[in-house]
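Enquirer: Quick one: structure below, then a few questions.
The values are calculated or read from the model by the stated rules, or taken from the named source; none is laboratory data. This one's a predicted model, so the numbers in the text were calculated from it and none came from an experiment. Note that we place each Cβ from the backbone using ideal geometry, even for glycine, and neighbour counts take in every protein chain shown.
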Amino acid sequence: MSAKSKAKGRSNVQKGMPKATSTAPVHRPWPWWAAFVGLIAVGVLGWQVWRNAAPPAISVNTAGFDPVIAAAIEEARNSIRRAPRSAEARGRMGMVLLAHEVRAEARECFAQASAIAPRDPRWPYLLGLAHLVDTPVAAATNLDRAVRLFPESESMPRLRLADTLVSLGRLEEAETHYRHVRQREPNSPWAGLGLGKIFNARDQAAEATNFLAAATQDLSTRKAAQRLLLNVHQRLGHTNEAERLAQVVAGLPHDKPFPDTLLAEVQRLKTGEAAWIDQADEWIKTSRVNEAAQLLERTLQTYPNSDRAMFFLGRARLRTGDVAGAEAVLTRAITLAPGNIEAQVQLGVTRLRRGRGKEAQPCFRAAIAAKPNLGEAWYNLALSLGGDPGQRAESIAAFREAIRLKPNFIESYLGLAVVLRTEGQKREAAFELRRALSLDPEESLRKKLLEQLELAEQP
Amino acid sequence: MSNSSNVPRLPKSFPAAPEFQTILCSSLLGVLAFAGSGCGKTEVSLPSTPSAALPIAKPQLAWLEDATEAVGVNFLHDVGTVGTYFMPESLGSGTAIFDFDNDGRMDLFLLQNGGTNSPAKHQLFHQENNGAFRDVSDGSGLNLPGRGMAVAVGDVDNDGKPDVFITEYDRVRLFHNRGEGKFAEITREAGLDNPHWGMSSAFLDYDRDGWLDLIVVNYVDYSPSMKCPDAQGKQGYCGPSGFPGTIPRLFRNLPNQADSIRFEDVTLSAGLGKLAGPGLGVVCGDANGDRWPDLLIANDGHVNWLLINQRNGTFTEEAGIRGIAYNEMGAVQANMGIAMGDADGDNLFDIFVTHLSTETHALWKHGPRGYFQDRTSLSRVAASAWRGTGFGTVFSDVNNDGAPDLLVVNGGIKRLTIDSAPNGKANSDPFWNGYEQRSQIFVNDGKGTFADVSDSNLAFSGTAAVARGLAAGDLNNDGGLDFVVTRIAASARVYRNVAPRGHWLIVRVVEPKFGARDAYGAEVTINAGGRRQTVWVNPSQSYLCSNDPRAHFGLGAATQVEDIQVIWPDGSEEKFPGVTADQIITLRKGSGQTVGFAVNSGAGQ
């Protein structure tokens, strides 16, 4: 206190305070002590009230859900019960829900998490993602908020926002964001692709081409960029270049997904039978068949009666060369679900591969009974019958039905021609082979057709 | 959506409070954060209202009213017993607006999807003199049950009476119009065999011989035993990705078959045999200006096909180089329904294709002739307040201002709960509630830029439904286009045009040489009020539907049409004198003044 204020204080005492008596003041320390205890009590009470006043965890009706998914949701709810004021717990539940497309409730979770931790950019970002499906305007608003909360160096949310704005036709706003990213990362293929989209939409071909150049070199954006370039050249009337690019695009694999770490985290939370089978299917397609087989075996431990898992396991085992194992699991699938057409065909094909055509036939017949217009089953039935002289007439009829159902499947013509020629019907065989050749087959198939045609035309 | 009042709005600028203040607020006053006030509140954001940047049109007078009950259309769509998630039931059924008895008033035909054992049968409604529709299904030959998908209408034997073709899950059926409201099935005799899951189809005269041929777009080779659980592990409807696509089928109408109607499957010889895909929509029109009809097929999750007529009985697929295979973002989307019309007034038809709610619908502007440019962003058709999974769609000049507006009907294929719809939900069976969405209307400013006016048209857009088919036509011949919407497991709706409208002209073009049937493939252009407008005659567009085959023109303030030009399906061109507005006229081929000759004519088949 300054001397002036001290003087002022004294003056106040002199004016308003009761005059001091000669008796010495009584010192009473207990009210301070009591106040201290009281404060602690109020604090504890307040903490309890504060803790318990948080809204309850979002309730989700999980009736009919895969039990593994329902359990994951329940576990996330329990985390909230344990820590009601935890934004992390609420956000985590939102992520679990978003992973399983329970979007309305996921949105509520992210909103709650955002209310608790308003400076955390993850929650408005994920809230934006949860809105993307049907309310893109709300998605853009939340993504915009997330962009402001993320550090400047973080490009991913800004690119996501920009893409959303493009889809809403808000090109000027989107351009600002793409340019912002490009300023920090001049070689960003996504920013280049985005700007290419915008300038293509504005009919500014030279700028679009310029921006797309980098994007055509990156595995994440290559195909999309080439398609856009195709558009640009087509607009410019560069027919030859457009045609060349159309061929290039047709031969390119899919672009790698946009590197969204938060979305990837959400995806990793996917669980349950469908998610595991989808993952295994993806691995089978990308030649990671051993991993797929292992995952499917684990899936069957949790879902021992899943004929879907068995079907995919059969497929994976076939790819690994375990034909006997494939047959065993497919047989089990059919025992559990005799109406499983895919498993019937797959089992038939497996047996056919093992040279047991006769045992394959019931599988194809069962598939045909369930789906009479299944060209694939007719074709395989015809193949399984073709080796038996006593069944060649039926084989020919089955091939003809396969052709009726799938006239674009050239192998059927080839198979039919072989059986016809074996039966001495060379002219008919040659007719079918010529029909097949008129369908412009691939080179290897064309070669086979021509070889067969030569044989059929021999006297 | 009208939930703006109960959600906090995002502040225009974010609080610049120091970090400690935020912490203080969120901890000491955290108890209040959820109670409606306090520091954290302003940060919570669940905005659903459109921002100021969006071109959502201001409220205006409603354009449509629901007249279903008033006109007596009593049709409840059936999909049989639900719960097995049989995929064909999720794609809906179409409708046809056509005049089956040539009395000048449009009638209605609506398809069921309950299967052959269902008691629910397709229904035919005749429009009476007073504008009411009378159910004349019994005895018509069309009152059959089945997995009805699409309907196409065309006079296959040139007797002047429109015949009916329907696609089903695993077959097709052709019904010959015998007159007096009687139809007879002639599928087998006519040589039509389509052992696939047929979807949209269209009649066209691709070889210009005067006989209507038929294109059938097929979907996937679906296997009913395939299970497609959704993300929660509950059974759901499959999408197309798990199944191989199938080829479209082209059937050539063989003329001069001595009183019999006969088609030949020319799919392979026409060059369509290599095109296997999940087709949903189809439209026919001369894309490249050679006056021969081309085909556009919309594929679900696959590139579109633009099949250019080579004038020798074959087609080549040129969507890629003509700019309509992919969208403007270079992506392949789930292409479903197709609307065809001149959005920007340049006398070339533009193409609008509907997509999933996770994607954006796409508008391809046509120009230069034969080439398309995706103008979705600039046209602002994607900038709607909400998105739905769109199926049926039409370009229709609802207010007769000379600029075709855009209508889209929506309905999910995956369960997606929506918060609410102003007029509630259409389905009484809760099974469908998760799939219901609201339909949309976009007004055209005349330059091809659109604004969402759905919230001003709650009769059409206020109810959530699993809508699929949308057909347009002037049902009451008052010059205003009316609409029929089909909805899965719910009643079909008839919407009457009550918009404040401009003047109008409806032109029916017929070919006397071919039984005075509608001239499918004709291009009708009028001059009125200093503006040229063109309409392409073919009723098959939208999704699974057949529309009013007459050409409708909105004239705005113009009371006089100065002249009319018609390019006929054979490529010849005639000019007809002007007429006063606000009437329905019929133009007969050969009765106008010949002004041009067929381009590339004579090639024939």
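Enquirer: For residue A:157, are the conditions met, namely being more than 9 Å from chain B (Cβ to nearest Cβ) and under 20 Å from residue A:99 (Cβ atoms)?
Expert: Yes: the conditions hold for residue A:157.
Enquirer: Something else now. Inspect all residues belonging to region A:21-32 and state whether any of them is within 13 Å of chain B (Cβ to nearest Cβ) and either modelled with pLDDT under 95 or closer than 30 Å to residue A:121 by Cα (or both). Give the steps one after another, and end with the answer.
Expert: Here is the first cut: in region A:21-32, the residues within 13 Å of chain B (Cβ to nearest Cβ) are none.
No: zero hits.
Enquirer: Right, another one. I need the full set of residues from region A:320-331 which are assigned to a helix (DSSP H, G or I) and over 19 Å from residue A:380 (Cα atoms), in order please.
Expert: Looking only at region A:320-331, we keep the residues that are assigned to a helix (DSSP H, G or I), and these are A:320, A:323-331.
If the condition is that a residue be assigned to a helix (DSSP H, G or I) and over 19 Å from residue A:380 (Cα atoms), then A:320, A:324, A:325, A:328, A:329 are the ones that fit.
Enquirer: Condition check: crowded, with 23+ Cβ neighbours inside 10 Å and over 22 Å from residue A:199 (Cβ atoms). Does residue B:372 satisfy that? I'd like the intermediate steps shown before the answer.
Expert: Values: crowded, with 23+ Cβ neighbours inside 10 Å: yes; over 22 Å from residue A:199 (Cβ atoms): no.
No; evaluated as a whole, the condition is false for this residue.
Enquirer: To continue, here is another question. Among the residues that make up region A:349-368, is at least one of them within 14 Å of another protein chain (Cβ to nearest Cβ), assigned to a helix (DSSP H, G or I), touching a helix residue (DSSP H, G or I) at 6+ places or on another chain (Cβ under 6 Å) and farther than 23 Å from residue A:406 by Cα?
Expert: The answer is no; no qualifying residue exists.
Enquirer: May I ask you to list the residues in region A:255-274 that are outside any helix (DSSP H, G or I) and more than 10 Å from chain B (Cβ to nearest Cβ)?
Expert: Step one: of region A:255-274, the residues outside any helix (DSSP H, G or I) are A:255-260, A:269-272.
Answer for region A:255-274, where residues must be outside any helix (DSSP H, G or I) and more than 10 Å from chain B (Cβ to nearest Cβ): A:256, A:257, A:258, A:259, A:260, A:269.
Enquirer: I'd like to check something: does region B:64-85 contain any residue that is touching a residue at least 12 places away in the same chain (Cβ under 8 Å), aliphatic (A, V, I, L, M) and in contact with a Cys (Cβ under 6 Å, 6 or more places away or on another chain)?
Expert: There is no residue in region B:64-85 that is touching a residue at least 12 places away in the same chain (Cβ under 8 Å), aliphatic (A, V, I, L, M) and in contact with a Cys (Cβ under 6 Å, 6 or more places away or on another chain).
Enquirer: Just one of A:125, A:178 is in a helix (DSSP H, G or I) and closer than 30 Å to residue B:413 by Cα; which is it? Steps first, answer last, please.
Expert: On the way: A:178 fails: closer than 30 Å to residue B:413 by Cα.
Criteria check complete, one pass: A:125.
Enquirer: Testing residue A:334 on (1) part of a loop (DSSP other than H, G, I, E, B); (2) within 23 Å of residue A:365 (Cα to Cα), one condition comes back false. Which one is that?
Expert: All conditions pass for residue A:334, except number (1).
Enquirer: Can you spot a residue in region A:323-334 that is within 18 Å of residue A:307 (Cα to Cα), buried (at least 24 other Cβ atoms within 10 Å of the Cβ), without any contact (Cβ under 8 Å) to a residue 40 or more places away in the chain and within 14 Å of another protein chain (Cβ to nearest Cβ)?
Expert: yes
Enquirer: Go through (1) more than 8 Å from every other protein chain (Cβ to nearest Cβ); (2) of a type in the set (S, T, N, Q); (3) assigned to a helix (DSSP H, G or I) for residue A:141 and report which single condition fails.
Expert: Just one mismatch for residue A:141, condition (1).
Enquirer: Residues to consider are A:196, A:192, A:237; find the one that is within 11 Å of another protein chain (Cβ to nearest Cβ) and crowded, with 21+ Cβ neighbours inside 10 Å.
Expert: Details: A:192 fails: within 11 Å of another protein chain (Cβ to nearest Cβ); A:237 fails: crowded, with 21+ Cβ neighbours inside 10 Å.
Matching residue, one of A:196, A:192, A:237: A:196.
Enquirer: Could you please find all residues in region B:478-502 being surrounded by fewer than 23 Cβ atoms within 10 Å (Cβ to Cβ) and out of contact with any Gly (no Cβ under 7 Å at 6 or more places or on another chain)?
Expert: Of everything in region B:478-502, those that are surrounded by fewer than 23 Cβ atoms within 10 Å (Cβ to Cβ) and out of contact with any Gly (no Cβ under 7 Å at 6 or more places or on another chain) turn out to be B:478, B:479, B:491, B:496, B:498, B:500.
Enquirer: Contact list please: Cβ distance under 6 Å, first residue in region B:453-469 and over 9 Å from residue B:441 (Cα atoms), second residue of a type in the set (Val, Ile, Thr) and crowded, with 22+ Cβ neighbours inside 10 Å, pairs at least six apart or on different chains.
Expert: B:466/B:488; B:467/B:409; B:467/B:485; B:468/B:486; B:469/B:95; B:469/B:486
Enquirer: Take the residues in region B:375-420 that are at pLDDT below 90 and touching a Pro at 6+ places or on another chain (Cβ under 7 Å); name whichever of them is farthest from residue B:452 (Cα to Cα).
Expert: Within region B:375-420, the match that is farthest from residue B:452 (Cα to Cα) is B:387.
Enquirer: More than 30 Å from residue A:121 (Cα to Cα) and within 11 Å of another protein chain (Cβ to nearest Cβ): which single residue out of A:298, A:244, A:288 fits that description?
Expert: The match here is A:244.
Enquirer: Just a yes or no: is a residue in region B:196-204 surrounded by fewer than 24 Cβ atoms within 10 Å (Cβ to Cβ) and at pLDDT 95 or above?
Expert: Just the residues of region B:196-204 that are surrounded by fewer than 24 Cβ atoms within 10 Å (Cβ to Cβ), to begin with: none.
Within region B:196-204, not a single residue is surrounded by fewer than 24 Cβ atoms within 10 Å (Cβ to Cβ) and at pLDDT 95 or above.
Enquirer: Residue check: is residue B:499 small (Gly, Ala, Ser) and outside any loop (DSSP other than H, G, I, E, B)?
Expert: no
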